[in-house]
Amino acid sequence: MTLWSIETQRLILRTATSDDAEAVFAGWASNPVATRFMSWARNTSRVETEAFLDHCATQWSSMSVGPCLIELRNTGEIIGGSGLSLASDPTVAEIGYILAPRHWGRGYATETVRALIDWAWSLRLCRLHAFVHPANAASLNVLRKCGFTRDGAPGTNVAFPNLEQKELADALSFSLDIKPH
């Protein structure tokens, strides 16, 4: 698989390799605080993380987009994950992101989302979507800073398996129309 990457002022966004499994598992995939508002179940073993990384490679091979890792440029430390997932409409993608808690509050999520918006524009995508749990104030703030607005559509039922209440929740739907800059 050809490695894909984007560099920002402080970060490198890149495709994952199997060598990244331990960093992903220990950094956030197994962390109950980091995964609290994720729509995927927290990893309980490195084997689950390895399976996820295999899934990432498959997505990149078949769609030329997918999950990526967030790495600090100055140290090479892997601090989170992000990426785009194409919708049934080939001009629309969903965006998501997660950071290891010790890297929260430093603007890395905002920097990541802005880089992915630029990349989405280069892919000729027209719209990005994000679904967020209503109690995830930090994520809501990132989306708003990056120009996303709340859709007028009613909330979407999304499973948040890492919350005490494991039932479906009305996630807030945000979108961004991508325009040339």
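The values are calculated or read from the model by the stated rules, or taken from the named source; none is laboratory data. Small disclaimer: the values here were computed from a predicted structure and weren't measured. Glycine gets a Cβ as well: all are built from the backbone with ideal geometry, and neighbour counts include every protein chain shown. Quick note on the areas: whole protein, heavy atoms, side chains included, nothing else; ligands and nucleic acids left out. Shrake-Rupley method; radii C 1.70, N 1.55, O 1.52, S 1.80 Å.
Worth pointing out:
- Residue match in region 157-179 (condition: without any contact (Cβ under 8 Å) to a residue 40 or more places away in the chain and touching a Gly at 6+ places or on another chain (Cβ under 7 Å)): yes
- Lone unmet requirement of (1) open to solvent by less than 90 Å² (accessible area, probe 1.4 Å); (2) out of contact with any Lys or Arg (no Cβ under 6 Å at 6 or more places or on another chain) for residue 10: (2)
- Residue match in region 125-134 (condition: surrounded by 16 or more Cβ atoms within 10 Å (Cβ to Cβ), in contact with a Leu (Cβ under 9 Å, 6 or more places away or on another chain) and not in a strand (DSSP E or B)): yes
- Consider region 90-124 and keep the residues that are among the aliphatic types (A, V, I, L, M) and farther than 23 Å from residue 158 by Cβ. The one that is surrounded by the most Cβ atoms within 10 Å (Cβ to Cβ) is 115.
- Region 22-62, subset closer than 21 Å to residue 164 by Cα and of a type in the set (Ser, Thr, Tyr), residue modelled with the lowest pLDDT: 39
- Candidate set: region 70-89, residues that are over 12 Å from the mean Cα position of the chain (by Cα) and closer than 18 Å to residue 174 by Cα; chosen: the one surrounded by the most Cβ atoms within 10 Å (Cβ to Cβ): 86
- Strands (runs of 3 or more DSSP E) wholly inside region 1-94 containing at least 3 residues that are polar (S, T, N, Q): none
- All positions within region 110-124 that are under 21 Å from residue 92 (Cβ atoms) and either in a helix (DSSP H, G or I) or among the hydrophobic types (A, V, I, L, M, F, W, C) (or both): 112, 113, 114, 115, 116, 117, 118, 119, 120, 121, 122, 123
- Residue list for region 24-63, restricted to those being touching a residue at least 60 places away in the same chain (Cβ under 8 Å), β-branched (Val, Ile, Thr) and open to solvent by less than 30 Å² (accessible area, probe 1.4 Å): 35
- Restricting region 137-149 to residues that are open to solvent by less than 30 Å² (accessible area, probe 1.4 Å) and either in a loop (DSSP other than H, G, I, E, B) or in contact with a strand residue (DSSP E or B) (Cβ under 7 Å, 6 or more places away or on another chain) (or both), the residue that is nearest to residue 27 (Cα to Cα) is 139.
- Long-range neighbours under 8 Å by Cβ, at least six apart or interchain, first residue of a type in the set (Lys, Arg) within region 136-151, second part of a helix (DSSP H, G or I) and modelled with pLDDT of 95 or more: 145/110
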